[in-house]
Amino acid sequence: NEIEPLVEKDVDKFIVDGNYLYFTQGENNELKSMNIETKEIKSLDIDNISEMLCDENDLFVVKDNKTKKVLHKINKQSYEKKELTKDSNVSYIAENGDNIYFVNKQDLNRIYVISKNGENETKLADISTVSDKGEIKEVDGSKYMFVNNNNLYYVNVDDSNSLWKINLETKENVKVIP
């Protein structure tokens with residue numbers, strides 16, 4: 001029951017992945033990693049990060065470019081960066097399998113999907129969900145949408161913020177909770 005500080009101040013968001021802690025720090029929300037065992041901290045040379053999540057190989061972060069938010073992929077071993085979205089204004093990200101789901105503020109808060117390698121950026125369906133209003137408090141979009149049993153659950157803003165689900169194969173869209 002002993003508490004040990006890992007990072008002393010100015011941490012905004014963080015995720016733990018095995019022996020690594022990924023976090024944003026400072027006024028510019030600079031992305032950093034920490035080896036929890038050695039306490040070694042590395043700057044990942046990207047800032048203005050508003051959201052982040054990870055899988056076994058990569059970090060996925062949303063960088064606020066002031067005019068729009070862009071989804072990036074960062075390899076956890078080499079720290080090589082790749083911009084995934086081009087024209088979308090990304091808000092609230094969620095991941096499942098080979099895909100990242102996000103809200104595109106550029107298209108009336110419609111839910112989009114893009115493969116983790118940056119291919120096939122498409123609108124999932126003609127459905128709208130919650131988007132940020134400039135500042136994102138959460139580390140990712142799981143509060144507003146998530147995938148379970150091949151269904152994407154989301155808050156439908158066009159239906160009094162009811163909970164809906166869309167089948168990712170058939171695209172059948174069903175209200176779950178009014």
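Within the stretch 122-136, can one find any residue that is under 17 Å from Lys86 (Cα atoms), under 18 Å from the mean Cα position of the chain (by Cα) and among the polar types (S, T, N, Q)? Yes, that holds for at least one residue.
I'm checking my understanding of the structure. Among residues of the stretch 101-123 that are touching a Leu at 6+ places or on another chain (Cβ under 7 Å) and hydrophobic (A, V, I, L, M, F, W, C), which one is nearest to Lys76 (Cα to Cα)? Among those residues, the one meeting the criterion is Ile114. What number of residues within the stretch 158-171 are outside any strand (DSSP E or B) and either open to solvent by less than 60 Å² (accessible area, probe 1.4 Å) or in contact with a Pro (Cβ under 7 Å, 6 or more places away or on another chain) (or both)? Final tally of qualifying residues: 2. For Thr85, the conditions (1) modelled with pLDDT of 95 or more; (2) in a strand (DSSP E or B); (3) closer than 27 Å to Ser128 by Cβ are fulfilled apart from (2). Scanning the stretch 1-46 for residues that are of a type in the set (Phe, Trp, Tyr) and open to solvent by 50 Å² or more (accessible area, probe 1.4 Å) returns Phe14, Tyr20. Considering each residue of the stretch 47-62 in turn, at least one proves to be open to solvent by less than 50 Å² (accessible area, probe 1.4 Å) and small (Gly, Ala, Ser).
Taken over the stretch 109-127, residues that are among the acidic types (Asp, Glu) and within 23 Å of Asn57 (Cβ to Cβ) amount to 2.
Scanning the stretch 103-142 for residues being more than 20 Å from Leu163 (Cα to Cα) and among the hydroxyl-bearing types (Ser, Thr, Tyr) gives a total of 2. Of all residue pairs spaced 6 or more apart or on separate chains, those with beta-carbon atoms under 8 Å, a first member in the stretch 1-18 that is on the phi > 0 side of the Ramachandran plot and a second member that is surrounded by 12 or more Cβ atoms within 10 Å (Cβ to Cβ) and part of a strand (DSSP E or B) are Asp10/Gln25. Go through the residues of the stretch 70-91 one by one and say whether even a single one is open to solvent by 20 Å² or more (accessible area, probe 1.4 Å) and in contact with a helix residue (DSSP H, G or I) (Cβ under 8 Å, 6 or more places away or on another chain). Yes, there is a match, as at least one residue in the stretch 70-91 is open to solvent by 20 Å² or more (accessible area, probe 1.4 Å) and in contact with a helix residue (DSSP H, G or I) (Cβ under 8 Å, 6 or more places away or on another chain).
Looking for something over 22 Å from Lys63 (Cβ atoms), surrounded by 13 or more Cβ atoms within 10 Å (Cβ to Cβ), free of Cβ contacts under 8 Å to residues at least 40 places away in the same chain and more than 19 Å from the chain's Cα centre (by Cα) - is there at least one such residue anywhere in the stretch 138-155? The answer is no, given that none of the residues of the stretch 138-155 is over 22 Å from Lys63 (Cβ atoms), surrounded by 13 or more Cβ atoms within 10 Å (Cβ to Cβ), free of Cβ contacts under 8 Å to residues at least 40 places away in the same chain and more than 19 Å from the chain's Cα centre (by Cα). The residues in the stretch 103-124 that are surrounded by 17 or more Cβ atoms within 10 Å (Cβ to Cβ), not β-branched (Val, Ile, Thr) and not in a loop (DSSP other than H, G, I, E, B) can be counted, and the count is 5. Residues in the stretch 1-43 that are small (Gly, Ala, Ser) and either outside any loop (DSSP other than H, G, I, E, B) or within 20 Å of Lys73 (Cα to Cα) (or both): Gly18, Ser33, Ser43.
The values are calculated or read from the model by the stated rules, or taken from the named source; none is laboratory data. Quick caveat, the model's predicted, so the values are computed rather than measured. Cβ: placed from backbone, ideal geometry, glycine included. Neighbour counts: every protein chain shown. Keep in mind that these areas ignore ligands, DNA and RNA; they rest on the heavy atoms of the full protein, side chains included. Shrake-Rupley method; radii C 1.70, N 1.55, O 1.52, S 1.80 Å.
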